[in-house]
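Since the structure comes first, as structure tokens, the remarks are kept for the end.
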Amino acid sequence: MILTEANRHDITLLLPLVEVIPPIAGKPGCVQGDRGYDSQPHRDILHARGLRTALAKRRTEHGSGLGATRWVVERSIAWLHQFRRLRVRYERLPEIHEAFLVLGCALICWRIAGDSFC
């Protein structure tokens, strides 16, 4: 999770986000994205790093097949929006909003981990 100012295009943060995600040992990584991430130079950089890409192409019919796994992202964002302080940004300082965002992510992970131990 990377917090940015409003109205910033997603593709500008693709590479910085991929850099901070640790690799999973023994498993090839795969970057998935919607049409907003359709960029051949970014695909080339990701492939050079040994990552596969599943990025939807612009100007193609819907049905890229990403919906089968993309729902995890959409569901997680919906879970974050259940926290009132994250649904509407009231904080003026980005550090405070980022702290609430990290806390929300931690609570979601804790809830998921608690379900798997029961």
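The values are calculated or read from the model by the stated rules, or taken from the named source; none is laboratory data. Since we're looking at a predicted model, the values are computed, not measured. Every residue, glycine as well, gets a Cβ built from its backbone with ideal geometry; the counts of neighbours run over all protein chains shown.
When ARG89, ARG75, ARG58, ARG85 are checked against the criterion of being basic (Lys, Arg), at pLDDT below 85 and at negative phi, a single residue qualifies: ARG58.
This table checks each residue for (1) out of contact with any helix residue (DSSP H, G or I) (no Cβ under 7 Å at 6 or more places or on another chain); (2) basic (Lys, Arg); (3) closer than 29 Å to GLU91 by Cα; (4) assigned by TED's automatic domain parsing to the domain that holds PRO94.
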site: MET1; (1), (2), (3), (4): no, no, yes, no
site: ALA6; (1), (2), (3), (4): yes, no, yes, no
site: LEU15; (1), (2), (3), (4): no, no, yes, no
site: ILE21; (1), (2), (3), (4): yes, no, yes, no
site: LYS27; (1), (2), (3), (4): yes, yes, no, no
site: SER39; (1), (2), (3), (4): no, no, no, no
site: HIS42; (1), (2), (3), (4): no, no, no, no
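Only one of (1) closer than 16 Å to MET1 by Cα; (2) in contact (Cβ under 8 Å) with a residue 24 or more places away in the chain; (3) hydrophobic (A, V, I, L, M, F, W, C) is not met by ALA54, so which one is it? Going through the list (1) closer than 16 Å to MET1 by Cα; (2) in contact (Cβ under 8 Å) with a residue 24 or more places away in the chain; (3) hydrophobic (A, V, I, L, M, F, W, C), ALA54 breaks only (1). Scanning segment 45-59 for residues that are out of contact with any Pro (no Cβ under 8 Å at 6 or more places or on another chain) and of a type outside the set (Lys, Arg) returns ILE45, LEU46, HIS47, ALA48, THR53, ALA54, LEU55, ALA56.
Just one of (1) surrounded by 11 or more Cβ atoms within 10 Å (Cβ to Cβ); (2) within 22 Å of LEU66 (Cα to Cα) fails for THR4. It is (2).
So for segment 90-99 (the condition being among the small types (Gly, Ala, Ser) and not assigned by TED's automatic domain parsing to the domain that holds ALA6), does at least one residue qualify?
Scanning segment 90-99 turns up at least one residue that is among the small types (Gly, Ala, Ser) and not assigned by TED's automatic domain parsing to the domain that holds ALA6.
Taking first residues from segment 1-22 that are without any contact (Cβ under 8 Å) to a residue 40 or more places away in the chain and part of a loop (DSSP other than H, G, I, E, B) and partners that are of a type outside the set (Gly, Ala, Ser) and surrounded by 10 or more Cβ atoms within 10 Å (Cβ to Cβ), the Cβ contacts under 6 Å between residues at least 6 apart in sequence or on separate chains come to ILE2/LEU13; ILE2/LEU17.
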